């Protein structure tokens, strides 16, 4: 199965990195606005942002397939198809946290069989960007496994959310 892997090491405890991956407010700041997120197996949620070329609906439907706090979480990830377009199969995103001397190594693996090349290229580059630039900023606002909003102002986030309800973009 086709996949790519990204790794990053953060000078933060595993519990703090886990909080940045599982707190809806943290996700909204460093990744995308999220609705109905609950860190438990079987939970369905979605990322929502202003529509764009690669995701014309601006909606990504997700489900937590596996979870082993604070070490591992697996998501099903599916860009919602626009009207009159074919729905691509869901992708799989695996998050693994490993304690290392002085912090935590995050390993992300994304499986993408049957996806358009533009999606896999953009996501491969995008994860590198998010893990190097945005997640570290969110981690500055995590202490003792608790995220405090305000790490990344809305105008400086990677997504556009000019047409989103305020309760979604947090």
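Where a number appears in this text, it was derived from the coordinates with a stated rule and is not lab data. None of the values given here were measured: they were computed from a predicted structure. Cβ placement follows ideal geometry from the backbone for every residue including glycine, while neighbour counts extend to all protein chains displayed.
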Helix 117-129 sits at what angle to the longest principal axis of the chain, using alpha carbons and giving 0 to 90 degrees rounded to 10?
20
Mind listing P(r) for the chain? All alpha-carbon pairs, 5 Å bins, whole percents.
1, 9, 17, 22, 23, 17, 8, 3, 1, 0, 0
Cβ-Cβ FRET estimate between residue 71 and residue 128, R0 fixed at 30 Å, reported to 0.05
0.85
20 Å cut-off, amide nitrogen to a point 7 angstrom out along residue 11 Cα→Cβ, residues in the stretch 94-137:
98-107, 131-137
